[in-house]
Amino acid sequence: MNRRQMLALAVAAAALSACGDTRQQKQAAAPVKSGAQVIDPNRPSSDAWPFEEAEQLNNSLTWPKTNVADPASKVVITVALTTDAVTEVRNAQFDFFFKKRHPNIEIKRESAPFDQFLTKYMAQAAGGTLPDVLYNHYSWTQNLIANKVLQSLDDYIAKTPEFDMDDIPQPGLDYFKRDGALYGLPTDMAPKLLFYNKDLFDKAGLKYPDESWTFDQVFETARKMTSGTGVDKVYGFTPMPKPAPDLSPVYLMPFGGRFLDETESKVLITEPNASQVMGRWLDLLVKDKAVPSLAEMQALEKVDPFRAGHAAMTINGAWIMLELSKLKDLKWGVTEVPKGPEGRTTPAVGSALVMASSSQNKDAAWIYMHEYLSASGYKFRRIAAPARQSAWEDNAKALGIPADSADLVKKVMADYASGDGVLRLPANKKVVDTALPIWERAQLGKINLADALKEIADKVTPVLSENKIA
Amino acid sequence: MTAVSPLARREARRFHLFVSPWLIGFVLFSAGPILAAVVLSFMQWNLLQTPTWVGFGNYVRMFHDPEFWESIENTVQYGLGSVALGVTFTFLLALLLNQPLRFQGLFRTVMYLPSVVSGLATALLWLNILHPDYGLINKVLASVGVQGPGWLASQEWAIPGLVLMSVWGAGNTIVIYLAGLQGIPKTLYEAAEIDGAGWWRRFWSVTVPMMSPVIFFNVVTGFIAALQSYVLILVMTEGGPGNATMVLGLYIYRHAFVYFDMGYAATLSWAMFVLVIVVTAIQFSLARRWVHYEFK
């Protein structure tokens with residue numbers, strides 16, 4: 001190929017790559033994904049987590065003790081977590097200092113992306129080769145407990161008086177309990193809150209939301225704050241509520257409604273209290289266009305319109321405060337979720353570490369979990385939404401999260417956040433996948449509200465039989 | 001008994017030597033799972049418990065599953081659309097690329113480039129191209145006064161949108177067509193020209209019949225690939241909106257690796273196998289009417 005042909009090829013390639021409109025690509029920066037990275041096991045370090053700083057922090061913390069004895073000879077435990085490349089360095093640093101405290105416990109670390117994690121470890125569970133300690137999303141745990149894959153942790157907790165259970169929000173532990181036994185300990189735990197864009201409220205000349213707000217005010221304000229078109233569009237609220245594990249506590253229970261009943265054996269979304277709220281949201285989308293439609297969400301290509309500065313309000317987990325704090329162009333505020341006629345509810349949601357019942361080194365696994373999930377462990381790892389409430393202030397300060405926001409989270413967790421209404425039984429994913437396409441058809445105007453909710457009830461009801469755990 | 005020559009024996013040994021890696025791989029990694037899938041389709045198994053025998057339960061369930069039939073409908077629509085458009089469009093492109101033009105090599109390279117782009121990049125690119133407001137296609141339509149559809153955000157247009165995308169990576173098909181076009185003896189065109197045949201007559205009476213075995217090959221393999229497609233659809237629409245793009249491959253994936261309902265997933269896989277066989281058999285039976293073989 002001569003130079004002229006090479007130049008033509010380059011121009012053609014550039015033209016091809018420019019086929020898509022670039023305006024939205026700016027908004028839709030792809031998330032950083034964990035890639036192959038080399039971490040020096042003798043001195044794990046990165047720009048974000050320098051080794052010296054980690055060493056200094058490690059030495060400043062008091063590491064707790066347990067009555068479970070260290071192994072007399074070398075053992076290897078496998079720990080499987082789902083983390084990004086940045087956090088993986090911090091975990092490697094934790095392991096490095098842990099091994100100094102426990103020379104006979106060798107740690108083999110595994111990491112898998114969240115969307116592949118369950119598939120990978122279900123296959124391993126089927127083969128009887130699970131890691132000793134592994135990450136667990138709250139919606140997976142009951143299925144694994146029912147199938148006897150997980151080890152109850154109560155005996156180990158009893159042997160560890162320093163493991164302060166009162167420091168962990170008790171209502172958020174229900175996901176990991178069965179028949180009174182506890183099988184998982186939360187790695188993070190936070191409530192959902194109402195976030196707002198201060199600039200957009202200032203521009204509209206409206207008062208910021210506060211703890212006195214009701215959902216009626218949210219609807220009214222969302223309509224008022226919707227403006228513009230195309231890339232200048234501002235939505236009053238995002239996202240559109242949908243049949244998801246937390247639909248009930250966030251959107252329905254404040255109105256006395258629920259998606260499913262408490263035992264997840266009956267669909268209640270057609271009941272008047274629930275259907276009226278769903279109808280109000282549908283109106284806000286279809287009539288007022290104050291919530292991004294399915295097409296508009298596609299325009300934003302999985303980018304949260306609130307974080308992109310295109311939505312005035314959103315309800316989301318407190319864990320997004322870390323990312324919001326890094327967005328210099330976004331002036332945000334946060335307050336409690338709005339009240340409904342039946343009061344205020346919010347879910348306490350998070351993930352956990354669990355121990356495999358097949359583990360051959362349970363004592364060593366417990367020693368690791370104990371330190372990883374201690375207040376010092378949370379502070380070392382700088383978790384943005386620590387389940388241990390005593391770690392909140394330190395971590396918020398270190399991560400640049402405003403102190404009053406951290407106080408708000410602690411207050412909500414102590415006052416009323418709970419796991420009530422959050423779907424967690426084995427069929428939860430199938431329930432959502434069954435209901436969601438029907439709700440999408442309602443959003444597209446292909447089916448009216450009453451028919452959509454009835455169809456959801458008709459199709460989800462048989463699925464719920466899978467929630468019966470023997 | 002016929003004596004086998006040393007040359008034939010040597011050729012046979014080499015044949016077995018060269019074919020053995022594929023054969024070993026097939027037995028270890030394909031034949032085993034295929035047989036396991038037969039047994040599993042009669043069982044209920046969630047990976048964690050011991051599989052339980054349910055007889056024809058999964059098959060009965062499948063026939064009564066409206067989403068299964070919906071996925072079949074979507075799959076057939078996608079298969080027909082992508083094969084019809086793909087075979088026609090790539091054939092026309094191959095005809096153009098076969099012209100003795102300047103920069104012919106460059107054009108061929110450019111047309112092949114999309115085939116080497118990764119699936120995820122293709123999906124992201126096409127999400128942009130098909131976007132209702134900002135996408136290239138709707139902008140072009142708007143420039144001639146036509147308001148474009150919602151594509152992947154619309155139940156009616158989501159499958160056509162995916163069909164359009166499926167043509168994108170058809171570089172391999174173009175290469176096969178090009179090879180076929182270059183294999184047509186020039187003497188046939190010369191004879192037709194002497195008989196006074198114009199461009200269209202030469203194309204219709206020489207090119208198309210001579211290319212019909214190649215077109216048939218691309219139709220058969222294109223259908224088989226289209227009926228099994230799901231990865232890009234998973235990335236782009238996850239089966240939505242409202243199950244409009246829930247194709248059979250995606251439905252199988254969901255039951256196997258999201259719900260861990262392995263028995264039912266195996267049953268659905270056999271349904272896909274039957275679908276592929278039926279569609280292929282129909283094509284072979286129709287082929288007698290239009291595929292021309294030079295030597296029979």
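The values are calculated or read from the model by the stated rules, or taken from the named source; none is laboratory data. Predicted model, so just to flag it, every value in this text is computed and none were measured. Every residue, glycine as well, gets a Cβ built from its backbone with ideal geometry; the counts of neighbours run over all protein chains shown. For the accessible areas, the whole protein counts, side chains as well, though only heavy atoms, and no ligand, DNA or RNA atoms are used. Shrake-Rupley method; radii C 1.70, N 1.55, O 1.52, S 1.80 Å.
Per residue of peptide A:62-73, the mean number of Cβ atoms on other chains within 10 Å of the residue Cβ is 0. Figure note: B:R102, B:R201, A:R381 ranked by solvent-accessible area, largest first, 1.4 Å probe, ligands and nucleic acids not counted: B:R102, B:R201, A:R381. For the peptides B:128-135, A:303-310, the ranking by packing is B:128-135, A:303-310, with the highest mean count of neighbouring Cβ atoms within 10 Å listed first.
The order of the peptides A:54-65, B:237-248 by mean Cβ neighbours within 10 Å, most packed first, is B:237-248, A:54-65. Within 10 Å of the Cβ of each residue in B:152-164, the mean number of Cβ atoms contributed by other protein chains is 2. Within 10 Å of the Cβ of each residue in B:104-112, the mean number of Cβ atoms contributed by other protein chains is 3. Each label point was placed 7 Å from the Cα along the Cα-to-Cβ direction; for B:V27 and B:I194 their separation is 5.7 nm. For region A:237-381, the number of Lys pairs with C-alpha atoms closer than 21 Å, counting only pairs eight or more positions apart or on separate chains, is 9. The heavy atoms of A:S73 offer some 70 square angstrom of accessible surface to a 1.4 angstrom probe.
Of the two radii for chain B, the radius of gyration is 1.04 times the Kirkwood radius, both from the alpha carbons; that is the Rg over Rh value. Seen through its C-alpha gyration tensor, with square-root eigenvalues sorted a ≥ b ≥ c, region B:1-155 comes out oblate because a/c lies at 1.5 or above while a/b is not bigger than b/c. For A:A387, neighbours were defined as the other residues whose beta-carbon sits under 9 Å from its Cβ, and their charges (Lys and Arg +1, Asp and Glu -1) total -1. What spacing in nm lies between the two simple spin-label points modelled at A:Q170 and B:F273, each 7 Å away from Cα in the Cβ direction? With each label point 7 Å from Cα toward Cβ, the separation is 5.5 nm.
DSSP beta bridges confined to the protein assembly as shown are antiparallel in about 65 percent of cases. Estimated from helical segments only, the mean residue ellipticity of chain B at 222 nm is -21500 deg cm²/dmol, where each DSSP H run of four or more residues counts as -39500 (n - 2.57). Put a dot 7 Å past each Cα toward the Cβ at A:E55 and B:R9; how far apart are the dots in nm? Going from the B:R9 label point to the A:E55 one covers 7.2 nm.
Working value for chain A: equivalent-ellipsoid semi-axes of 38, 30, 24 Å, each the square root of 5 times a Cα gyration tensor eigenvalue, largest first.
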